[in-house]
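To keep things clear, I will list the structure first and then write my remarks on it.
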């Protein structure tokens, strides 16, 4: 059963125009951050969202929670269309849908004690009959994320980066949500702390029966965290599949390039590993390329790629892929059979 379902989601951000452009009445330009995506997240699974900076991952995560409004499309949560819900109705749902931000220092109020920061959600949703009961819940959660309860009266600047991120995790999970968006939650930590927090998230997911949208540019972490992975490029999905699909037999050229960029701990394996590095830079999302958006950088580009946008089609192994190279091969195989 799907807990989250997005259908035909688009998010266009208007580009600020100069006074001259306004006077000349030039047409409004838009950054097409997310441009017509559909996917679902099943209850209890972790869906990974990967891609380069500017692919639309973070925008998608905020749209799911309605922290920003989509330009078009519908969002369903737990069987209910939440796209048009008012602020009061959404406030009630916030308890069930939380977010772990990338930068814990920016996510925490520097003038608010750690205990008060975590307690804020309990106060809003009236969880716990007394202040002492709420403090007990907070101390239990602090210990669950491997922090000492005596941090309750400390301030964010007194903690390390890893400790602050554990506080952000505790604040998100204190409400016992059904669904959590982890937006680059491990990106600002060093490798040793990152591995500890990754293991903590895996444990908490099982313990609390959580459903995750795990947003990252680091494909290596999705191997351990995610059941399925969606690869985004310039606001669109190019491939969606299980982590075995993505790691062991990637189909889209962009997915292959991302996989080839994952570093190997063994230098000999790294030296022998064939790396597929796309040429050029990511195109401007204000005026994305026609046809397949990856075609200016693709080593396998064909004429059809430059003019016709490939649909996201299902393969025999139940992955979704948007690539003319794949559909052309499939057509040849069907003719031969």
Residue 26 being modelled with pLDDT of 90 or more and either in a loop (DSSP other than H, G, I, E, B) or over 12 Å from the mean Cα position of the chain (by Cα) (or both): no
Number of positions in the range 129-166 that are outside any helix (DSSP H, G or I) and within 17 Å of residue 193 (Cβ to Cβ): 6
Condition check for residue 197: in a helix (DSSP H, G or I), in contact with a helix residue (DSSP H, G or I) (Cβ under 7 Å, 6 or more places away or on another chain) and touching a residue at least 12 places away in the same chain (Cβ under 8 Å): yes
Residue satisfying condition, being under 30 Å from residue 292 (Cα atoms) and surrounded by fewer than 22 Cβ atoms within 10 Å (Cβ to Cβ), within set 207, 184, 203: 184
Hits in the range 42-86 (condition: surrounded by fewer than 19 Cβ atoms within 10 Å (Cβ to Cβ) and in a strand (DSSP E or B)): 42, 72, 73, 74, 76, 80, 81
The range 286-324, residues that are in contact with a strand residue (DSSP E or B) (Cβ under 7 Å, 6 or more places away or on another chain), surrounded by fewer than 20 Cβ atoms within 10 Å (Cβ to Cβ) and part of a loop (DSSP other than H, G, I, E, B): 286, 288, 312, 315
Sole exception among (1) modelled with pLDDT under 90; (2) surrounded by fewer than 19 Cβ atoms within 10 Å (Cβ to Cβ) for residue 219, by number: (2)
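The values are calculated or read from the model by the stated rules, or taken from the named source; none is laboratory data. Computed from a prediction, not measured in an experiment: that's the story for all the values here. Every residue, glycine among them, receives a Cβ derived from its backbone with ideal geometry; neighbour counts consider all protein chains shown.
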